[in-house]
Amino acid sequence: MRLEILTPEEMGSVDRKAVDAGPLDGYGLMQNAGAVVAAAILERFAEAEGFLVLCGPGNNGGDGYVVARLLVERGVQVRLFAETEPAAGSDAARARRACPVEPKSYSEFEPVERWLVVDALFGAGLSKPVEGREAAIIERVRTSGLPVVSIDLPSGVSGLTGKPLGAAFQADLTVTFFRKKPGHVLVPGRQMCGELLVADIGIAETTLNRAECKTWENHPALWRAALPEIGISAHKYSRGHVAVISGGATSTGAARLAARGAARAGAGAVTVLSPANALSVNAMHLTSIMLRRADTVEELEAFLSDRGPSGAVLGPGAGTGERTRSFARSLLDRAGAAGGLVFDADAITAFRGDPETLFAMIKASAAQVVLTPHEGEFGRLFPGLEDAPEVSKVERTREAAMRSGAAIVLKGPDTVVAAPDGRAAINVNATQHLATAGSGDVLSGIIAGLMAQTMPAFEAACAGIWLHAEAGRVFGRGLIAEDLPEMLPQVLQSQFPEHVR
Ligand SMILES: NC(=O)C1=CN([C@@H]2O[C@H](COP(=O)(O)OP(=O)(O)OC[C@H]3O[C@@H](n4cnc5c(N)ncnc54)[C@H](O)[C@@H]3O)[C@@H](O)[C@H]2O)[C@@H](O)CC1
Ligand SMILES: Nc1ncnc2c1ncn2[C@@H]1O[C@H](COP(=O)(O)OP(=O)(O)O)[C@@H](O)[C@H]1O
Ligand SMILES: [K+]
């Protein structure tokens, strides 16, 4: 599978290497790009009665001239709109000369019923907000309701961030080349692409140095090999034991959701560590999951020494006070080399005043640590890395992982996972049904459950996010957090059938 995601800059370097290696030059690649777009249009929109092609000044416009020529050669009606001539001597200028359709100016653009718009204004070279006459034509197309096929990216959407820079097209189909770019998978770019087609334009696979790729679309192919296998002679503790720290009497549900997530993810044993005042409420709701009292660090440490859990979740419903901070310190300090810790929710917020102390402890710890913030929690730990219009969620998450020494799961419809070594994955199978209270608590448990079974942090985080999203996707409407752990068996069994030996 081609899971690598390339920034527009990385794609530009692949293009240059491809041209240097030959046999195709830039013009040859442009011909192939135009050909795959024209073929996709004719296949998907066979009923279109004509085509309105909008060409910008760069190579994206160049692709548009090629598409216009190929459509004319097919005998269909084409009108072409361009405002600026491509730079003299460029591939786009050559494509413009080879195109038999004389361009009209943008002001002459009139929508025609049952025609289709081909958007070749800007692609990877978008360098400033789309305004003025380009914005006006995008608005005219939007109000016309005509279908739009975008070449490479919907013009106006940043290939790096997935965010619109000024006005932007909402496409029905986007055809990009060689590999996806972050803007195709991060929101809102992902929805603005409509259907996305990644086409081969004759760039050899060897042009891409795979070892240098650090960003992928999250997919089982990335981590399937690291999924825990249960051996024939397994016993419950050999399958991993997860401790989940519960909050006080009125906030225990979050820990139980995490515990259930850990158990369904395959941990052989799960223990909820509860304050004394919440023992009875936890006891009333737990069956296979064990329960033990832990109000103080001493009680936590006694449990860690006795039972040596291989994973822990701290944060859901835990409170943001000293108990949570001291438990975090203890878990980081006492975790064995195989320990996998997930700090979520309150365990993140508890360090808002002093993130550097948390990061220093994480870096000094033998444990593998995953932090699972949503945007609000992320802003508390990583001042200066908050969301901003021209910043990529991938780069923010990567920077946070390097700063903290933990794998970071920055949640949302396009959850990004990053590791301190620079690897990053963007998740694409989540649905909006996951936006329900407690859903993140289940996720933290799933990730801890996988780490407790010795899955490394980055892989466990990627797998956890994918499984959690898939559980939500398969369940669909009406989902509440309690349903997520209960969907995991179906997802695991259908996606990862067991090899019975
Ligand atoms: N060998 C290659 O490099 C290939 C490139 N291809 C196409 O080339 C595209 C990239 O081409 P370019 O690098 O020329 O970039 P673009 O054609 O995307 O845009 C660059 C041009 O648009 C102008 N511009 C950028 N943002 C603007 C804005 N908001 N308002 C007004 N003008 C703006 C720039 O000044 C420049 O003239 C890709 O998206 C792809 O469609 C394909 O032809 C395949 C091969
Ligand atoms: N609109 C959405 N589309 C897809 N996934 C979403 C959406 N909103 C939230 N999620 C996912 O749901 C989970 C919510 O977690 P979180 O914000 O911590 O909620 P809670 O604290 O209630 O558990 C995360 O995994 C997040 O990625
Ligand atoms: K475009």
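The values are calculated or read from the model by the stated rules, or taken from the named source; none is laboratory data. This one's a predicted model, so the numbers in the text were calculated from it and none came from an experiment. Don't worry about glycine lacking a Cβ; one is built from the backbone with ideal geometry, like all the others, and counts go over all protein chains shown. In case anyone asks, the SASA skips ligands and DNA or RNA and just uses the protein heavy atoms, side chains included. Shrake-Rupley method; radii C 1.70, N 1.55, O 1.52, S 1.80 Å.
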Task: Cβ-Cβ under 9 Å pairs, at least 6 apart or on other chains, segment 113-136 side within 16 Å of D63 (Cβ to Cβ) and without any contact (Cβ under 8 Å) to a residue 60 or more places away in the chain, far side within 14 Å of ligand 3 (Cβ to nearest atom) and polar (S, T, N, Q) - done: L126/N60; L126/S155; L126/S158
- [ ] With the condition kept exactly as written, say whether any residue in segment 113-128 is aromatic (F, W, Y), within 16 Å of ligand 3 (Cβ to nearest atom), closer than 17 Å to A168 by Cα and crowded, with 23+ Cβ neighbours inside 10 Å.
- [x] yes
- [ ] Determine which single condition V244 fails, assuming it passes every other condition in (1) in a loop (DSSP other than H, G, I, E, B); (2) assigned by TED's automatic domain parsing to the domain that holds L410.
- [x] (1)
- [ ] Quick one: in segment 159-180, of everything that is more than 9 Å from ligand 1 (Cβ to nearest atom) and within 16 Å of the chain's Cα centre (by Cα), which residue is farthest from A135 (Cα to Cα)?
- [x] R179
TODO: Return the only residue of A425, A401, A347, A407 being in contact with a Pro (Cβ under 7 Å, 6 or more places away or on another chain), open to solvent by less than 10 Å² (accessible area, probe 1.4 Å) and not assigned by TED's automatic domain parsing to the domain that holds L196.
DONE: A401
Task: Residue count, segment 283-300 (criterion: open to solvent by less than 10 Å² (accessible area, probe 1.4 Å) and over 22 Å from I447 (Cα atoms)) - done: 1
Open item on the list: Given the criterion assigned to a helix (DSSP H, G or I) and in contact with an Asp or Glu (Cβ under 7 Å, 6 or more places away or on another chain), identify the matching residue among M30, M11.
Closed with: M30
TODO: Considering only residues that are under 23 Å from A318 (Cα atoms), within 15 Å of the chain's Cα centre (by Cα) and of a type in the set (A, V, I, L, M, F, W, C), look in segment 402-439 and name the one that is nearest to ligand 1 (Cβ to nearest atom).
DONE: L410
Open item on the list: Considering only segment 334-347, I want to know if a residue exists there that is closer than 17 Å to V242 by Cα, at pLDDT 95 or above and in a loop (DSSP other than H, G, I, E, B).
Closed with: yes
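Right, A136: within 10 Å of ligand 3 (Cβ to nearest atom) and either open to solvent by 50 Å² or more (accessible area, probe 1.4 Å) or over 30 Å from the mean Cα position of the chain (by Cα) (or both) or not?
Working: within 10 Å of ligand 3 (Cβ to nearest atom): no; either open to solvent by 50 Å² or more (accessible area, probe 1.4 Å) or over 30 Å from the mean Cα position of the chain (by Cα) (or both): yes.
Spelling it out, it is not the case that A136 is within 10 Å of ligand 3 (Cβ to nearest atom) and either open to solvent by 50 Å² or more (accessible area, probe 1.4 Å) or over 30 Å from the mean Cα position of the chain (by Cα) (or both).
If I ask for residues that are closer than 30 Å to W223 by Cβ and of a type outside the set (K, R), which ones from segment 16-31 would you list? Explain how you work it out, then say what you get.
To start, the set of residues in segment 16-31 that are closer than 30 Å to W223 by Cβ comprises 17-18.
If the condition is that a residue be closer than 30 Å to W223 by Cβ and of a type outside the set (K, R), then A18 is the only one that fits.
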TODO: Restrict the check to segment 467-490 and report whether at least one residue is near ligand 2 (Cβ under 9 Å from one of its atoms), touching a residue at least 12 places away in the same chain (Cβ under 8 Å) and of a type in the set (V, I, T).
DONE: no
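When segment 430-485 is examined, which residues are found to be in a loop (DSSP other than H, G, I, E, B) and farther than 30 Å from S365 by Cα?
Scanning segment 430-485 gives A430, T431, A435, T436, A437, G476, R477, G478, L479, I480, A481, E482.
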TODO: Report those strands (runs of 3 or more DSSP E) wholly inside segment 60-165 carrying at least 1 residues which are in contact with a Phe, Trp or Tyr (Cβ under 9 Å, 6 or more places away or on another chain) and farther than 22 Å from L197 by Cβ.
DONE: 77-82
Task: Unmet criterion (only one of (1) within 12 Å of ligand 1 (Cβ to nearest atom); (2) among the acidic types (D, E); (3) without any contact (Cβ under 8 Å) to a residue 40 or more places away in the chain) for E108 - done: (1)
